[in-house]
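Notes for the one structure printed next.
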Amino acid sequence: MKNSAIFLCDVIPKQNEGIYKKVYAQAKEIAKKYGTCHFIAKSENGCYHSVISSENIKEIYETADIYNISNDVIRKENVQFIYVRHMLPSHRHICFIKFCKKKAIKLYYEIPTYPYFGEQIKSSTHKLRTLLRISLDAVTWPFIYQYLNKLIVIRSNSKVKIYQKMKLSVNGVVTNDISDNIHGITRGNEIHFAIVGTLYYYHGIDRFIKGMKEYQDRNGKYQVYLHIVGESPEIYKLRNIVEKHNIKNVYFHGYKSTDELNEMFNKIDVGIGCLALYRRNADIDTTLKIIEYMCRGIPVLTSGLLPVKRTELEKTAIFISNNNSVINIEEVCNTYIKISIDEKKKLSEIARKIFDWSFIMERNLQ
């Protein structure tokens, strides 16, 4: 029987979703180590099963559930490793993990953020539903934890304790898929800010928009533009703020394809991360979006620490307070214009090394 690995997740495949790009990139790196990786995820009509190897990628849509497909792979192949991105817990989920342990299959389990429980409640728009799910998580988690070899965690709070089985990780990108966007101020006195992705309350864009209002009322030196790309319920609230206060130069672009996003990145001066991390009890900005900005050589605006402590990254970051105050746009702009082209180039160079999935997963799988 051939050697192989399995990657399991609840993520529904959507080619332009950041989270799907992440988990699929992780599965590809696992395939490099084990020869073949079976990427098994939920789909709208059953399961999506992608067999990834160095030779090719075979895509299969199946009506069977995740566990039946996984068990079938285990019966037919010498599965040596299973990587699970946190899934909705159930009795069957626990039984499957226990079965893998009995088969002496190495099992790594990733939770999307740590600390997990409090943050999920704080960032949720459906509190009751989230509370019920987290209650189930809390009850079943001790049973899952005992069968794991490693627990991969992305730490969002610098004060939390790291336990024995935990392995710290960060989010990443496939650096070959993105180009850098290094430039100076080439549009006179215009500075373009952008946030890309699914927005939540803890992204704190309301703080920035209110800051724009104050800056425009004072006739600030720079023409500040804000580009919001993506769709979410939070965007409707932001639109209301913009319309109520008649704030200029705020553009809601909606959903963008990969090519459209790449074109937009060429126009961005500053990429926005999380501007109100305290709203989810966090002080480290772990978002995928800031990592992509940095790899492109785009300075980031954030209310938290960067996911990796490196001088080259911090020199180009614009840090603001992690609270609910209105952002001082003038201070942000004055900080940005001091960042040199050479510093942006160094930012891109270093970020591409430490945030490439091949580098991250090599460390995670050790």
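The values are calculated or read from the model by the stated rules, or taken from the named source; none is laboratory data. Keep in mind that this is a model prediction, so the values were computed, not measured. Heads up, the Cβs are rebuilt from the backbone with ideal geometry, glycines too, and the neighbour counts pull from every protein chain shown.
See the values below:
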read-out	value
Residues of the range 27-86 satisfying the condition of being within 24 Å of ASN171 (Cα to Cα), surrounded by fewer than 18 Cβ atoms within 10 Å (Cβ to Cβ) and among the aliphatic types (A, V, I, L, M)	VAL51, ILE57
Hey, GLN80 polar (S, T, N, Q) and either within 30 Å of LEU199 (Cβ to Cβ) or assigned to a loop (DSSP other than H, G, I, E, B) (or both) or not	no
Some residue of the range 201-208 being of a type in the set (Phe, Trp, Tyr), surrounded by 19 or more Cβ atoms within 10 Å (Cβ to Cβ), touching a helix residue (DSSP H, G or I) at 6+ places or on another chain (Cβ under 7 Å) and part of a helix (DSSP H, G or I)	yes
Number of positions in the range 330-366 that are crowded, with 19+ Cβ neighbours inside 10 Å, under 20 Å from the mean Cα position of the chain (by Cα) and over 21 Å from GLY18 (Cα atoms)	2
Residue within the range 195-214 that is over 22 Å from SER303 (Cβ atoms) and either at pLDDT below 95 or over 29 Å from the mean Cα position of the chain (by Cα) (or both) present	no
Some residue of the range 230-237 being surrounded by 15 or more Cβ atoms within 10 Å (Cβ to Cβ), among the hydroxyl-bearing types (Ser, Thr, Tyr) and in contact with a Gly (Cβ under 9 Å, 6 or more places away or on another chain)	yes
Residues (free of Cβ contacts under 8 Å to residues at least 12 places away in the same chain and farther than 15 Å from GLY273 by Cβ) located in the range 295-339	LYS309, THR311, GLU331, ASN334, LYS338
All positions within the range 58-95 that are modelled with pLDDT under 95 and of a type in the set (Phe, Trp, Tyr)	TYR61, TYR67
Among the candidates SER90, SER50, SER54, SER70, residue that is among the hydroxyl-bearing types (Ser, Thr, Tyr), at negative phi, touching a residue at least 60 places away in the same chain (Cβ under 8 Å) and not assigned by TED's automatic domain parsing to the domain that holds ASN281	SER70
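For (1) in a loop (DSSP other than H, G, I, E, B); (2) within 28 Å of GLU260 (Cβ to Cβ); (3) touching a helix residue (DSSP H, G or I) at 6+ places or on another chain (Cβ under 8 Å), each residue gets a yes or a no:
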position: VAL11; (1), (2), (3): yes, yes, yes
position: TYR24; (1), (2), (3): no, yes, no
position: ALA31; (1), (2), (3): no, no, no
position: CYS37; (1), (2), (3): no, no, yes
position: VAL51; (1), (2), (3): no, no, no
position: ILE60; (1), (2), (3): no, no, no
position: ASN71; (1), (2), (3): no, no, yes
position: ARG75; (1), (2), (3): no, no, no
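So that you can scan it fast, the table gives a plain yes or no per residue for (1) of a type in the set (A, V, I, L, M, F, W, C); (2) outside any loop (DSSP other than H, G, I, E, B); (3) at pLDDT 75 or above:
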| residue | (1), (2), (3) |
| --- | --- |
| LYS122 | no, yes, no |
| THR130 | no, yes, no |
| ARG133 | no, yes, yes |
| VAL139 | yes, yes, yes |
| PRO142 | no, yes, yes |
| ILE152 | yes, yes, yes |
| SER158 | no, no, yes |
| TYR163 | no, no, yes |
